[in-house]
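The values are calculated or read from the model by the stated rules, or taken from the named source; none is laboratory data. Just so it is clear, the structure is predicted and the values come from calculations on it, not from any experiment. In this analysis, Cβ positions are derived from the backbone assuming ideal geometry, glycine residues included, and neighbour counts consider all displayed protein chains. Calculation scope for accessible area: heavy atoms of the full protein, side chains included, ligands and nucleic acids excluded. Shrake-Rupley method; radii C 1.70, N 1.55, O 1.52, S 1.80 Å.
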Amino acid sequence: MTVRVTLVSPALNAALREARFDGDAPLDRAGERAARAAASAVPRAGLVLNGLSLRCRETAAALGLAARPEPALTGWDLGRWSGRRLDEVG
């Protein structure tokens, strides 16, 4: 049996464009547009999982995927870095 695993990075949002640790910020319009534009390039699969963050869920929806949330795909806890720019935590 062959199993194919395809990893899709979630689309960008305003916080990431500003080099901020985004925490659980939603996609911005440009990120949503980019995900919708990429939808036809994402192979269809029998099982689709997504991380629990809002950005992951919104990316999956914009790609037209019926994804199931998977706690094991949860991103790292940013703690007090959440919302800060890279130059603020250096």
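Observations on the model:
- Test result for residue 72, small (Gly, Ala, Ser), under 13 Å from the mean Cα position of the chain (by Cα) and modelled with pLDDT of 90 or more: no
- Test: residue in segment 29-45 that is open to solvent by less than 100 Å² (accessible area, probe 1.4 Å), modelled with pLDDT of 90 or more, of a type outside the set (A, V, I, L, M) and touching a Gly at 6+ places or on another chain (Cβ under 7 Å): no
- Taking segment 80-90 as the range and being free of Cβ contacts under 8 Å to residues at least 60 places away in the same chain and in a loop (DSSP other than H, G, I, E, B) as the test, only 90 passes.
- Listed by first and then second residue, the pairs linking a residue in segment 46-67 that is more than 16 Å from residue 14 (Cα to Cα) and free of Cβ contacts under 8 Å to residues at least 12 places away in the same chain to a residue that is of a type in the set (A, V, I, L, M, F, W, C) and assigned to a loop (DSSP other than H, G, I, E, B), with Cβ atoms under 9 Å apart and 6 or more places separating them unless they lie on different chains, are 61/67.
- Breaking point among (1) farther than 15 Å from residue 27 by Cα; (2) assigned to a helix (DSSP H, G or I), for residue 77: (2)
- Residues (open to solvent by 60 Å² or more (accessible area, probe 1.4 Å) and touching a strand residue (DSSP E or B) at 6+ places or on another chain (Cβ under 9 Å)) located in segment 1-11: 8
- If only residues of segment 12-27 that are in a loop (DSSP other than H, G, I, E, B) and not hydrophobic (A, V, I, L, M, F, W, C) are counted, the one that is surrounded by the fewest Cβ atoms within 10 Å (Cβ to Cβ) is 18.
- Every residue from segment 36-68 that is in contact with a Pro (Cβ under 9 Å, 6 or more places away or on another chain) and not aliphatic (A, V, I, L, M): 50, 51, 53, 55, 56, 57, 58, 59
- Complete set of residues in segment 68-79 that are open to solvent by 60 Å² or more (accessible area, probe 1.4 Å) and free of Cβ contacts under 8 Å to residues at least 24 places away in the same chain: 68, 69, 71, 72, 74, 76, 77
- Restricting 30, 45 to residues that are small (Gly, Ala, Ser) and part of a helix (DSSP H, G or I) narrows the list to 30.
- Taken together, the residues in segment 40-90 that are touching a Phe, Trp or Tyr at 6+ places or on another chain (Cβ under 8 Å) and aromatic (Phe, Trp, Tyr) amount to 1.
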